[in-house]
Amino acid sequence: MSRIFSGIQPTGNLHLGNYLGAIRNWVRMQDAHECIFSVVDLHAITVAQDPATLRRGIHEMTAALIAAGLDPERCVLFPQSRVRVHAELAWVLMCTARVGWLNRMTQFKEKSGKDREGASVGLYTYPVLQAADILAYKATHVPVGEDQKQHLELARDIAIKFNNDMGVELFPPPEPVIEGPATRVMSLRDGSSKMSKSDPSDQSRINLTDDADTIAAKVKRAKTDPDALPSEAAGLAGRPEAANLVNLMAALTDRSIADVLAEFGGKGFGAFKPALAEVMVTRLAPITSRFNELKNDDVAIEAICARGAERARAIAEPVLAEVHRAVGF
Ligand code: ADP
Ligand code: NA
């Protein structure tokens, strides 16, 4: 039996990279597996947040996930901070993880930028909290985008070392599930950085809440090159912006790259971009309208968060009790 855990930060809008790289897979998994999904607000405060904006963000991300297809009856959906096991287990696992392991994490280097000394300690130890998120539920599989691969390897190393150190078989080493045609959606502004909530430019991403005109304008302005599209996938080599847009078309229409190029090969972006924008609008419109309905229903969202947290605690608290016994508490 497999148990799935994954999380998403409540900072900013859900974007197409989150959706195609992660959320769409979550939605597909929720019937076949026991699934636990968290809005990871403890992770959000590793960088400065305005409290009122964060509170609203947690609520809106919950609404957005439901709008995108998660059903709180068929999966456990909750804000991370409401289940104290995450923070408590993170402490124990910080005593398992090695400084050298964290020093190798590339995302810390990217996110801390030039002012590494000024970064929060939480930003540095973030991957250990992420390991705690997963291991608190003894999750076996973690569906994520490619950017999370290194953190998942760390979670496995922590699980294995904890088991060895304590002489127990407590944590199953979790496996990443990085699948689908869009595990790394790139920014619309350049082909070399990933589409991200934390990119300061809103032009770089398609938000699931963007309206049709905004989507059309963003796609129109997306960076491309002057050449026509190739008729075969090999022709996309060395053209990262073109490859990203073709890949988005393939992922959104559930077609292969070859199929998309069979239709658009030889055509320029003047023809391709409006077609891509139309597909995005068609796919996102139902999500946007559900989101707009749900986001103002504070009572319903609060009830979902409270119920999700209760179900999550029922799984995680016995695991923490086992951890305490193994450690000697
Ligand atoms: P962001 O990086 O936009 O802040 P999160 O860190 O909250 O997003 O990640 C939520 C999920 O979305 C993770 O599984 C992550 O791997 C996935 N994800 C984020 N950005 C992308 C992207 N550009 N392409 C594919 N998957 C992505
Ligand atoms: Na990320």
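Taking 0.36 nm per residue of separation and subtracting the Cα-Cα distance, full extension of the segment from residue 87 to residue 99 would add 2.5 nm.
Pairs from the table (114/138; 220/295; 109/273; 194/295) lying more than 32 angstrom apart at Cα are 114/138; 109/273. The mean sequence separation of alpha-carbon pairs under 8 Å and at least six residues apart, normalised by the residue count of segment 1-135, gives a relative contact order of 29 percent. Assign one of three labels to segment 42-176, namely rounded, prolate or oblate, based on the Cα gyration tensor with a ≥ b ≥ c the square roots of its eigenvalues; rounded applies when a/c is under 1.5, prolate when it is not and a/b is larger than b/c, and oblate otherwise. Oblate is the answer for segment 42-176, as a/c is 1.5 or above yet b/c matches or exceeds a/b. Where in segment 267-292 does the label zone of residue 232 land, with the point 7 angstrom along Cα→C-beta and an amide N cut-off under 18 Å? Backbone N within reach: 267. Based on Cα contacts under 8 Å between residues 6+ apart, the chain shows a relative contact order of 24 percent. Candidates 245, 299, 193 compared by Cα position along the dipole of the chain: farthest toward the positive end lies 193, with charges placed on Cβ.
Relative contact order of segment 202-292: 39 percent, from C-alpha pairs under 8 Å at least 6 residues apart in sequence. Estimated at 0.36 nm per residue, the fully extended path between residue 298 and residue 74 surpasses their Cα-Cα distance by 78.6 nm. Label zone (residue 175, point 7 Å along Cα-to-C-beta; backbone nitrogen cut-off 17 Å) within segment 111-145: 135, 138-145.
Per the Kirkwood formula applied to alpha carbons, the chain shows a radius of gyration over Rh ratio, Rg over Rh, of 0.99. For residue 254 and residue 329, the FRET efficiency from 1/(1 + (r/R0)^6), where r spans their Cβ atoms and R0 equals 51 Å, is about 0.55. With contributions of -39500 (n - 2.57) from each DSSP H run of at least four residues, the per-residue ellipticity at 222 nm computed over the chain stands at -16500 deg cm²/dmol.
Would you kindly give the portion of the calculated P(r) for segment 269-329 that falls above 16 Å, as a percent of all Cα pairs? Result: 70 percent of Cα pairs exceed 16 Å.
Where a number appears in this text, it was derived from the coordinates with a stated rule and is not lab data. Computed from a prediction, not measured in an experiment: that's the story for all the values here. FYI the Cβ positions are ideal-geometry reconstructions off the backbone, even for glycines, and counts take in every protein chain you see.
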